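This report concerns only the one structure given below.
Quick note: the coordinates plus some simple rules give every number you see, no bench work behind them. This structure is a prediction, so every number in the text was calculated from the model and none was measured. Every residue, glycine among them, receives a Cβ derived from its backbone with ideal geometry; neighbour counts consider all protein chains shown.
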Amino acid sequence: MYCVWCDGLCIPEMNWENLWSMGRTKTLCNQCENALKVIEGNRCKKCSCQLKEKQYICSDCMQWEQRFKQDPLKFNYSIFNYNERMQDMVTRWKYRGDYHLSCAFEQIFIETFKNTFAFLSKKVCVISIPLSSERILERGFNQAKVLADYLIPKREEFITRVYSEKQSKKTRKERLATKNPFFLTKKVNKPVILVDDIYTTGRTLRHAAELLLENGCPAVYAYTLIRS
């Protein structure tokens, strides 16, 4: 196998810690794999951002708590920090249409999901954050949908999105002030796990969570690949 990022050979290291996973296909070489930084240590229990001090939640999440009587999002769990290598990978994957690069994240996305959401019953709904039709035409695929399709239970489509300006072009203040771009196509009466690629301010996920809670959903969680 060759690395999906640098095209170098993927040679797995032999040791007792990874011997059990030797049968799995390796998609990144050791050097590229090590360039990605998994969030470790103390993290915000609400949004997964890395915390230097021994806090329970970060200042951003404290503001969300103050903004709502009850935060519509139970919590978000992210896997990676948005370091320089991850930014480069997202640019090629998300904005330059390198669909195959998704497989670099498949195994860790599946395993972390199982460990993080094992406390929920099997009667849970997985929903990917949708893109507008205009954005789909521009990018060729929805990266959140790709990630959600790795998971069990099977992804369901209960939310649609109208056209909106790219979030990446907006300031934090502009993102927080955006109107809800989502519409519900069917009511959901079981807990939902929203899947997206990046958690930035949390506004997009909370827009979707608010809509779901207003229409009978009992609880909303989020699962994202990256915490920026």
Extreme residue, positive dipole direction of the chain, given options Cys217, Val38, Ser128 (C-beta unit charges)
Cys217
In the stretch 82-122, with Lys and Arg counted as +1 and Asp and Glu as -1 at Cβ, which of these residues, Met89, Phe105, Asn115, has the Cα nearest the positive end of the dipole, that is, farthest along it?
Asn115
Compute the distribution of all C-alpha to C-alpha distances in the stretch 39-227, in bins of 10 Å from 0, and list the percent of pairs in each, rounded to whole numbers.
9, 37, 40, 14, 0
Output the 0 to 90 degree angle, nearest 10, between the alpha-carbon long axis of helix 106-116 and the longest principal axis computed from the alpha carbons of the chain.
60
Reach of Lys45 by Cα under 19 Å, taken over aspartates and glutamates that are not fewer than 8 positions away in the same chain
Glu53, Asp60, Glu65, Asp71, Asp196, Asp197
Note to self: Kirkwood Rh of the stretch 91-131, Cα pairs, one decimal, Å, is 12.4
Restricting to aspartates and glutamates and to Cα separations under 17 Å from Lys26, and discarding same-chain partners fewer than 8 apart, the set is Asp7, Glu13, Glu17, Glu106, Glu111
Mind checking which aspartates and glutamates have their C-alpha under 19 Å from Lys187, skipping anything on the same chain fewer than 8 residues away?
Glu156, Glu157, Glu210, Glu214
Have a look at the DSSP beta bridges in the chain and tell me what percent are antiparallel, nearest 5.
25
When the chain is fully extended, how far beyond the present Cα-Cα distance does Lys190 get from Glu210, taking 0.36 nm per residue of separation?
5.8 nm
Could you give the dipole magnitude of the chain about its Cα centre, charging the beta-carbon of Lys and Arg +1 and that of Asp and Glu -1, in debye to the nearest 20?
820
Compute the FRET efficiency between Lys173 and Asn34 as 1/(1 + (r/R0)^6), taking r as their Cβ-Cβ distance and R0 = 35 Å, and round to the nearest 0.05.
0.45
What is the percent of Cα-Cα separations in the stretch 97-168 that go past 18 Å?
46
